[in-house]
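To start, the structure itself, in structure tokens.
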Amino acid sequence: MKVLFVDTPPTLDWTPASHFTKGGRRFPALSVTGEITYSYLNLQAAAILRNAGHQVEYIDCQASGISFEELVPKVVQSAPDVVVMYVEQIKIHVDTALAEKVQELTSAKVGFVGPFVTPLGTQVVKDTPSVDFALRGEYDESLLEVVDGLAAGTDAWLQVEGISVRHPETGEVLEVGSYRHVQDLDALPFPAYDLVDFSKYHESVFRRKPAATMITSRGCPYQCIYCWFPQTIYGHKWRYQSAERVVAEMEHLHREFGVVEIRVDDDIFELNRDRVLQVCHLLQEKKMDLTWAPQCRPDKMDLELLKEMKKAGCSRILYGCESASQDILDKMRKNGKVEDISNATKWTKEAGIDVHNCFILGFPWDNQGTVEETIRYAYGLNAEFCQFGIATPLPGTSLLKIVQDEGSLVSDSDWSQHDGFSKSAVSFEKNGKGGLTQDQIEHYATSAYRQYYVRPQYVGMMVKRAFRSRDDFAQTLRLGKAFLRRKALGWI
């Protein structure tokens with residue numbers, strides 16, 4: 001069978017000449033600096049399907065400059081048996097519109113996948129007649145079972161564990177089993193990287209090109225109320241690839257596709273310290289011209305480990321910091337201390353690795369004092385990269401239940417408002433806790449970002465950093481242009 005994976009445009013009227021793109025993976029949001037990411041999980045699923053003898057294609061509208069109007073005939077021309085869309089809340093209306101066109105113009109089955117439809121899969125299928133099924137949880141293996149069942153011409157695909165499916169004869173929507181999770185990540189083939197052109201993907205934090213994203217572990221044992229993937233698609237059981245498997249995929253990307261920088265998009269990369277050390281030692285043995293950048297927890301980091309990571313080519317670490325208020329950290333179930341953030345930032349800089357600190361503003365317990373404290377704290381740390389997101393109640397998270405129970409949601413139906421950066425989906429002025437209004441949350445997020453990058457302390461650090469290498473100089477110029485573009489378009 002032929003399976004077509006489609007990443008739709010960010011809006012129905014989007015064109016390559018539009019000022020914005022959809023960036024981000026865990027918290028998708030619109031960007032005006034050309035940020036474009038591919039779906040690693042789609043490429044992983046595509047590789048499994050292809051190994052089983054099925055045909056696969058991948059259309060990424062933003063990377064290829066394809067508008068919705070141009071997309072529809074391309075899908076029809078492809079003549080797929082199954083169309084798969086990784087649905088993201090800020091553009092579900094676009095995915096739904098394409099599903100309607102597929103149903104109208106082809107005989108293909110339409111499947112939705114990803115963290116958005118994991119908690120809402122059955123309801124989405126019920127509400128969207130053009131969607132035949134949704135796969136809840138990790139869909140690497142379950143999608144193959146669906147396609148194999150369709151190819152066999154039996155009803156077996158209707159009983160796949162983790163599926164929410166509309167029965168083709170009765171129209172009844174069935175929910176089979178619970179969320180699916182892959183247990184042996186080492187057994188997965190390398191993703192079908194040949195389906196993408198790495199030169200077309202960009203993130204502001206990348207220093208070198210071409211750059212790629214890979215995932216070496218899934219799940220997280222921590223219980224942060226806002227974190228989407230562990231509460232939906234991945235679960236809280238941490239599963240990981242062996243160090244040998246991690247380095248083999250890195251080497252594959254480097255040798256076959258010329259990749260020189262890799263972002264490791266794990267929930268938590270360094271949960272197993274020994275595995276990280278093994279990865280570092282193997283990379284040092286390989287001596288590849290390759291840098292990499294993982295996502296880590298501040299409280300799991302130490303200086304010795306950081307020095308080994310630096311020797312192995314680690315150039316940047318993203319830390320989930322969230323707040324400078326210990327009370328807020330405790331209430332969001334972060335299970336970490338403010339001093340952990342300070343220590344990790346200091347040690348990472350000492351090891352010669354760039355720091356990417358992420359803070360979240362606008363939790364139900366935040367007020368002007370706690371938010372301003374967090375912003376001042378972030379400025380004091382002076383990380384090379386810093387972002388200020390908005391606490392966003394995504395489907396399947398504990399945070400959504402909290403704001404629903406207290407009536408703080410601004411909209412419970414328009415998911416495009418839940419982008420986590422420019423828009424707040426909540427307003428807390430009536431929660432009796434001195435909470436922030438929607439306007440205040442949005443103001444703090446944009447002004448904190450704008451002011452962070454024009455501070456003399458920051459500018460001085462980055463000018464000095466620019467002369468470390470040609471890559472750093474080129475990136476600094478790109479970052480400056482991106483900042484000015486955001487400002488000119490009124491995004492900050």
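Set side by side, the residues 113, 124, 117, 165 differ, and just one is over 23 Å from the mean Cα position of the chain (by Cα), surrounded by 19 or more Cβ atoms within 10 Å (Cβ to Cβ) and on the phi < 0 side of the Ramachandran plot, which is 165.
Taken over region 223-251, the criterion of being among the aliphatic types (A, V, I, L, M) and either in contact with a Lys or Arg (Cβ under 8 Å, 6 or more places away or on another chain) or crowded, with 22+ Cβ neighbours inside 10 Å (or both) is satisfied by 225, 233, 243, 246, 247, 250. Kindly establish whether residue 262 is in a loop (DSSP other than H, G, I, E, B), among the β-branched types (Val, Ile, Thr) and modelled with pLDDT of 95 or more. In short, no.
How many of the residues in region 353-393 are at positive phi and buried (at least 22 other Cβ atoms within 10 Å of the Cβ)? Final tally of qualifying residues: 1.
Of all residues in region 10-35, those that are crowded, with 18+ Cβ neighbours inside 10 Å, modelled with pLDDT of 90 or more and within 14 Å of residue 63 (Cα to Cα) total 2. Listed conditions (1) in the same structural domain as residue 365 (by TED's automatic domain parsing); (2) in a helix (DSSP H, G or I); (3) of a type in the set (S, T, N, Q); (4) under 25 Å from the mean Cα position of the chain (by Cα) are all met by residue 440, apart from (4).
Sort out which residues of region 154-209 are among the hydroxyl-bearing types (Ser, Thr, Tyr) and in a loop (DSSP other than H, G, I, E, B), and write them in order of number. 154, 170, 178, 179, 201, 204 - these are the residues of region 154-209 that are among the hydroxyl-bearing types (Ser, Thr, Tyr) and in a loop (DSSP other than H, G, I, E, B). One residue is enough: does region 289-299 have a residue meeting the conditions assigned by TED's automatic domain parsing to the domain that holds residue 367, surrounded by fewer than 19 Cβ atoms within 10 Å (Cβ to Cβ), at negative phi and not β-branched (Val, Ile, Thr)? Yes, the conditions are met somewhere in region 289-299. Contact map, region 14-36: first residue free of Cβ contacts under 8 Å to residues at least 40 places away in the same chain and assigned by TED's automatic domain parsing to the domain that holds residue 66, second residue crowded, with 21+ Cβ neighbours inside 10 Å and among the basic types (Lys, Arg), Cβ cut-off under 8 Å, separation 6 or more or different chains; pairs are 31/22. Checking each residue in region 74-89 for being of a type outside the set (S, T, N, Q), part of a helix (DSSP H, G or I) and in contact with a Leu (Cβ under 9 Å, 6 or more places away or on another chain) picks out 75, 76. The numbered conditions (1) assigned to a loop (DSSP other than H, G, I, E, B); (2) charged (D, E, K, R); (3) in contact with a Phe, Trp or Tyr (Cβ under 8 Å, 6 or more places away or on another chain) are all true for residue 270 except (3).
The values are calculated or read from the model by the stated rules, or taken from the named source; none is laboratory data. Keep in mind it's a predicted model, so treat the numbers as computed, not measured. Methodologically, a virtual Cβ is constructed for each residue, glycine included, from the backbone with ideal geometry; neighbour enumeration extends over all protein chains shown.
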